[in-house]
1. Scan region 27-39 and give yes if some residue there is touching a Gly at 6+ places or on another chain (Cβ under 9 Å), open to solvent by less than 40 Å² (accessible area, probe 1.4 Å) and in a helix (DSSP H, G or I), otherwise no.
2. Picking from M238, M207, which residue would you name as being at pLDDT 90 or above and in contact with a Phe, Trp or Tyr (Cβ under 7 Å, 6 or more places away or on another chain)?
3. Within region 96-129, work out how many residues are out of contact with any Lys or Arg (no Cβ under 6 Å at 6 or more places or on another chain) and over 20 Å from A269 (Cα atoms).
4. Under the condition of being under 32 Å from the mean Cα position of the chain (by Cα) and without any contact (Cβ under 8 Å) to a residue 12 or more places away in the chain, which residue from region 47-61 is most open to solvent (accessible area, probe 1.4 Å)?
5. Inside region 269-322, can you point out the residues that are over 28 Å from T21 (Cβ atoms), at pLDDT 70 or above and not aliphatic (A, V, I, L, M)?
6. For region 67-100, name all the residues that are open to solvent by 30 Å² or more (accessible area, probe 1.4 Å) and of a type outside the set (D, E).
7. Report, ordered by the first and then the second residue, all pairs with beta carbons closer than 9 Å, sequence separation of six or more or different chains, a first member in region 227-246 that is closer than 22 Å to G213 by Cα and free of Cβ contacts under 8 Å to residues at least 40 places away in the same chain, and a second member that is outside any helix (DSSP H, G or I) and basic (K, R).
8. Out of curiosity, is K262 at pLDDT below 90, under 19 Å from the mean Cα position of the chain (by Cα) and open to solvent by 10 Å² or more (accessible area, probe 1.4 Å)?
Amino acid sequence: MQWYLVAALLTVLTSSQGILTTLSQSNGKYMYDYATIPFLAEFFKLSVSSFFLWKECQSSSPPRMTKEWRSVRLYLVPSIIYLIHNNVQFATLTYVDPSTYQIMGNLKIVTTGILFRLVLKRKLSNLQWMAIVLLAVGTTTSQVKGCGDGPCDSLFSAPLQGYMLGILSACLSALAGVYTEYLMKKNNDSLYWQNVQLYTFGVIFNMGWLIYGDFKAGFELGPWWQRLFNGYSVTTWMVVFNLGSTGLLVSWLMKYSDNIVKVYSTSMAMLLTMVLSIYLFSVKATIQLFLGIIICIISLQMYFMPVHMLVELPQTLPVTSK
């Protein structure tokens, strides 16, 4: 499967992630314990990866699997980061609408570019750095609220908590993505074996988070496994499937492509999110939002376009006659 097909599918799934999560709310509140969503999504990813790993083991050429503990323990780190990120993601959507959330998520490309340079020692061209800065400008522009005819109490349309959580979510996503890419590419192990390690720790840590929630609440609502599916609807299950499928596609991109492709594909998801949010949630589309999206598209073109397509310099200077 080509990377651009995976990126396109990831764009579709990511664009619907915030919308489905918002649709799963009732009167602006979650009727279910949203901490159970990441747990079930991790269990879904572990089940799918285990099935395909079993299929690989049944083949004539068994997959390569590094089983030393010093290698396995490295998968603890992204599991912890993803645990925090997934719960911050749900908390963010209680303050901001899906379009705002999706656009703010594109801030992770800036932190990803920095971590690319510092952690993975990836060198980016000046044009690519300009594209990253331009993307940051585009996402910021899209957040500015027009004053219109009414009073302009704030330049931003969402509470400060929403933006702080959105920035935290973007930083956590970039950190987890860069570290996961490092793990995926540090050896030639089977992708599904690497996923099994990653998602096993994911299930364990998310289960631990649910147990912690029980102790914090004094078990007033009973143990988490007795109310695991309380308040679940068809839309809630769609959120679980969406989150799990997105994670599987991201791991494929981490193995065979890179983080920049992943974050740019998710940034394009804001186009679909914006259109659907206007239709589903009566979100007013502003000029600033459209301008920010246009700037982000220009950034996308700049980052992936070869330099020779932007400017073609003459090989030799013409000889001038005196």
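The values are calculated or read from the model by the stated rules, or taken from the named source; none is laboratory data. Since the structure is predicted, the reported quantities are computational estimates derived from the model, not experimental observations. Here Cβ is always computed from backbone atoms with ideal geometry, including for glycine, and neighbour counts include all displayed protein chains. Heavy atoms of the whole protein, side chains included, go into the accessibility calculation; ligands, DNA and RNA do not. Shrake-Rupley method; radii C 1.70, N 1.55, O 1.52, S 1.80 Å.
1. Yes, the conditions are met somewhere in region 27-39.
2. M207
3. Result for region 96-129: 15.
4. Of region 47-61, the ones under 32 Å from the mean Cα position of the chain (by Cα) are 47-57.
Filter once more, so that each one left must be without any contact (Cβ under 8 Å) to a residue 12 or more places away in the chain: 47, 51, 54-55, 57.
Values: S47: 56, F51: 107, W54: 138, K55: 107, C57: 58 Å².
The selected residue is W54.
5. Across region 269-322, the qualifying residues are Q301, Y303, F304, P306.
6. The answer is K67, W69, R70, R73, L74, L76, V77, I80, Y82, I84, T94, Y95.
7. Close Cβ pairs satisfying both conditions: none exist.
8. So K262 fits the description; yes.
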